[in-house]
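Below is one structure, written out as structure tokens; comments come after it.
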Amino acid sequence: MTLIDSSTSTPGAEDDSVEPPPQVLQLFKTLHRTRQQVFKNDTRALEAARIKINEEFKSNKSEASPKKIEELIKIGSDVELLLRTSVIQGIHTDHNTLKLVPRKDLLIENVPYCDAPTQKQ
């Protein structure tokens with residue numbers, strides 16, 4: 001993923017870096033929005049996720065290979081999907097008790113399991 005750090009460029013100086021594909025910036029923003037929803041009210045998790053997202057994008061900032069960029073975008077999209085659909089917050093209420101706080105978008109209609117399904121007639 002190539003991200004441009006505009007704070008280091010000098011006005012009038014030629015910029016040799018390549019403009020990142022629009023999907024890179026979109027993924028960056030989406031990951032941060034998802035982080036804010038998933039870890040709402042958990043400052044430690046919010047900060048840790050923010051640092052990790054920024055580190056990953058920064059470490060791949062100079063990536064120029066379109067194939068590698070596409071692969072990194074796929075990994076980032078998978079991570080975003082995993083965070084959005086699989087992570088539930090837990091709050092310690094006692095030394096031995098954890099209260100789960102699922103987001104509304106995670107709650108789906110629960111269909112009961114049946115050991116002996118009935119046959120259609």
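For each pair in K58/K104; K29/K58; K52/K99, compute the distance between the two Cα atoms and list the pairs where it is over 23 Å.
K58/K104; K52/K99
For Q89, which sequence-distant residues (separation of 5 or more, or a different chain) have an amide H within less than 5 Å of its own amide H, given hydrogens modelled in the peptide plane?
V101, R103
Give the peptides 64-74, 88-98, 24-34 in descending order of average Cβ contacts within 10 Å, highest first. All intermediate terms of the calculation are to be shown ahead of the outcome.
Working: 64-74: 12.5, 88-98: 9.6, 24-34: 16.6.
Going from most to least packed, we get 24-34, 64-74, 88-98.
Rounded, prolate or oblate: which fits region 32-99 when a ≥ b ≥ c are the square roots of the eigenvalues of the alpha-carbon gyration tensor, with rounded for a/c under 1.5 and prolate only if a/b beats b/c?
Judged from the Cα gyration tensor, region 32-99 comes out prolate (a/c at least 1.5, a/b above b/c).
Coordinate-derived values only; no laboratory data. Computed from a predicted model, the values in this text were never measured in an experiment. Backbone-built Cβ (ideal geometry, glycine too); neighbour counts: all protein chains shown.
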